[in-house]
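> Input: one structure, supplied below.
The values are calculated or read from the model by the stated rules, or taken from the named source; none is laboratory data. Since the model is a prediction, treat every value here as computed from it, not as a measurement. Cβ sites come from the backbone with ideal geometry, for glycine too, and all protein chains shown count toward neighbours. SASA here: full protein model, heavy atoms, side chains in, ligands and nucleic acids out. Shrake-Rupley method; radii C 1.70, N 1.55, O 1.52, S 1.80 Å.
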Amino acid sequence: NSKLRHVEKDVLIPQIMRDRAKERCSDKVQAFTRCCQETGLLMVVKCRKENSALKDCLVGYYSDPLFYEECKTEYLKQREEYRATGIKKKKQKFASNV
């Protein structure tokens with residue numbers, strides 16, 4: 001049964017999308033983080049370029065219907081495994097090189 005509940009469509013699948021988009025935009029995440037660490041309180045002003053690049057990368061994934069379908073398929077696979085085994089898959093943490 002691949003029918004999705006409201007919470008699955010609006011919370012759980014978008015969470016997978018955020019996690020995977022951050023992974024795919026990791027170079028921009030690292031550049032923004034590095035800029036913030038180097039500039040301290042002036043990061044709002046000095047890291048605009050890095051922040052813009054990161055936002056553009058993430059929004060590109062969030063608005064991609066194929067990426068949504070890919071993440072939905074991943075969610076349905078996880079849900080099916082959970083229903084079959086009763087064992088919840090641990091949320092994957094992505095290592096940061098920062």
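> Compute all pairwise cysteine Cβ distances in the chain, then list the cysteines with no distance under 4.7 Å to another cysteine.
Cysteines lacking a close Cβ partner in the chain: C36, C71.
> If ligands, DNA and RNA are left out, what is the accessible area of R34 with a 1.4 Å probe, given in Å² to the nearest 10?
Looks like 120 Å² after rounding.
> Choose one of T85, F32, H6: the residue whose Cα lies farthest towards the positive end of the charge dipole of the chain (beta-carbon charges +1 Lys, Arg; -1 Asp, Glu; about the Cα centre).
After comparing all options, I get T85.
> Taking the Cβ of R24 as the center, what net charge do the other residues with Cβ under 13 Å away carry, scoring Lys and Arg +1 and Asp and Glu -1? The partial results should precede the final answer.
Details: positive: R18, R20, K22, K28; negative: D19, E23, D27, D56, D64, E70.
Taking every other residue near R24 into account, the sum is -2.
> Of the listed pairs K9/K49; K3/K89; K22/K89; K3/K88, which have alpha-carbon separations greater than 30 Å here?
Table pairs above 30 Å Cα-Cα are K9/K49.
> How far is it, in nm, from the label point at S26 to the one at V44 when both lie 7 Å from their Cα along the line to the Cβ?
3.2 nm
> Take the Cα radius of gyration of the chain and divide it by 2.2 N^0.38 Å, with N its residue count; two decimals is plenty.
Working: Rg = 16.6 Å, N = 98, 2.2 N^0.38 = 12.6 Å.
Taking the Cα Rg and dividing by 2.2 N^0.38 Å, one obtains 1.32.
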